[in-house]
Amino acid sequence: MMMFSRITSHNRPSFSKALISLILILACHSLSQARTLSAQAYGSDEASAKNAALSALASSIFVQIESSSTLQEDSSGASNFSSSSHSSSNLPMIGVELDCYPSPEGQLCQANMDSQVASGLYHAKTQQLAQQIQQQYAALANIPRTQHYPQLLKLLADYQRYEQFATVLLYLSPQNHPAPISISPQQLKLQLAQLEAAAPSLSLAAKLLTKGITQGQVYAQPATLKHSREITPFAAALLTEINQRLARANNLEQARYIFNGEYQINDQGISVNYTLSDTQGNIISSRLAQLAPSSYQHLATKPIAPDFDRLLHAGYAVASDFNVQVATNKGQRQLLFVDGEEIEILIKVNKPGYFYVVGHTKNGQNELSYLIDINEAQGDRRFVYYVNADEVNKWVSIGSFIVSPPYGVESLQVIASRSDMVNQLPSYNYEPSSEYYVLSHNINQAVMQTRGLKKKKTSSQELSTATEAVLLFTTQRR
């Protein structure tokens with residue numbers, strides 16, 4: 001569990017060294033209408049400002065996709081975007097116009113994407129990749145089986161690139177379906193698994209997954225089970241082995257490359273797929289390893305709280321012009337914290353406004369949802385933070401958390417509005433024994449309380465713009 005240990009309200013000037021300040025603007029009226037998606041960012045030089053603006057645009061698009069259950073699922077209930085896209089930087093940006101200007105805070109760049117123009121480019125890219133994959137797969141019949149393995153790995157990487165572009169295409173133009181491919185990534189993974197014996201240990205699996213990676217400053221993230229954000233003990237143990245074999249970056253800010261993955265449980269054991277990308281989401285290579293059941297027999301491999309994950313991420317509110325983000329000093333996704341670790345929680349909004357924070361924790365059958373006091377004020381004002389004009393587009397620290405028992409799956413839910421929310425807080429009870437301001441011991445009920453508030457308005461006010469951000473993380477013993 002994260003124990004809230006201290007409160008600070010200083011501004012964090014940047015989340016990455018290149019990014020001084022970030023402004024997110026999403027001009028979106030209807031998925032069926034042409035519109036312009038824009039993002040602005042500052043950087044110390046033009047190159048860093050351009051990269052920051054592209055990352056900001058990717059982030060705004062990813063949040064819209066993640067928050068919309070209609071975009072996340074097809075008719076069979078399967079996800080339309082790969083779970084390897086847990087990081088917003090994994091969405092490639094094409095058809096973007098960049099305008100840069102000098103400013104007192106460095107270079108300012110604005111990234112603009114015309115959805116109608118861009119959707120044509122993304123569709124063409126999926127057609128190109130689909131044709132390339134089909135041709136290369138057919139060519140396997142003309143080479144010896146002993147040479148199939150590296151070619152299948154290349155095909156898998158190309159397929160993941162295809163999925164990235166298809167993800168953005170479906171968001172920009174839901175009726176403009178990506179070019180079809182007759183084979184699936186599951187077929188490619190199955191053929192790869194058949195060509196190589198299952199690894200008898202996590203150590204050997206990590207060796208196979210990192211083989212040939214010569215790049216430095218690689219930031220590895222724990223693999224997640226497909227369609228899950230929870231980090232299992234199996235994934236944590238495998239990450240430890242992987243980190244021993246990489247020239248790795250100590251933190252996300254220093255990274256030049258991201259190494260992230262997902263795994264699937266099958267009849268033969270577990271299939272793990274890791275992908276190496278640059279920080280702009282361009283896939284460099286893909287690796288796969290099959291693990292024998294004996295290699296993880298003492299490690300849990302399935303999420304303990306899949307319903308919790310789905311509840312918090314399905315259909316949360318995202319306003320088109322008012323955005324809130326929540327992050328940690330270790331990033332925003334695929335987060336694993338261990339006992340004793342101190343984590344700073346950062347929140348950013350793109351316009352002056354108010355926010356409050358709800359913590360949710362689940363350990364086994366025990367659930368708890370509670371309001372976090374983020375001010376030194378008295379009464380309900382202690383829960384509401386006002387972001388003034390000077391703090392807009394800057395990471396504001398609401399304090400640090402210390403990881404301590406009991407361990408499990410936890411989440412922070414940030415509710416933000418342009419209007420003061422002090423009289424719209426969900427009802428709570430203070431429990432002296434735990435020192436928590438408890439909303440409920442049932443997370444589903446607590447989430448219903450917080451999301452129900454968005455439709456509330458007074459007779460003298462129009463419906464105020466409200467938006468939401470969710471951060472899910474896993475805590476484990478060191």
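A short reminder: the numbers here are calculations on the coordinates, not readings from a lab. Note that the structure is a prediction, hence the values are computed from the model and not measured. Cβ: placed from backbone, ideal geometry, glycine included. Neighbour counts: every protein chain shown.
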Point to revise | Cross-link table K50/K348; K125/K330; K211/K330, entries beyond 24 Å C-alpha to C-alpha | key: K125/K330; K211/K330
Study note, to complete from the structure: Expected sort for 263-274, 141-152 on mean C-beta neighbours within 10 Å, highest first, is 263-274, 141-152
Check your understanding: Using θ = phi - 60° and the Karplus curve 6.51 cos²θ - 1.76 cosθ + 1.60, what whole-Hz ³J(HN,Hα) does each residue of the range 121-128 get, with Gly and Pro shown as x?
Key -> 5, 5, 5, 4, 5, 5, 5, 4
Point to revise | I270 long-range amide H proximity, modeled H, under 5 Å | key: L291
Study note, to complete from the structure: With the range 196-303 reduced to its Cα atoms and the Debye formula applied, log10 I(q)/I(0) at q = 0.11, 0.16, 0.24 1/Å amounts to -0.31, -0.65, -1.39
Point to revise | Phi-based couplings in Hz for the range 235-251 (Karplus 6.51, -1.76, 1.60; Gly and Pro marked x) | key: 5, 5, 5, 5, 4, 4, 5, 5, 4, 6, 10, 10, 7, 9, 7, 6, 8
**Study point:** Long-range HN-HN contacts of D420 with modeled amide H, under 5 Å
**Key:** none
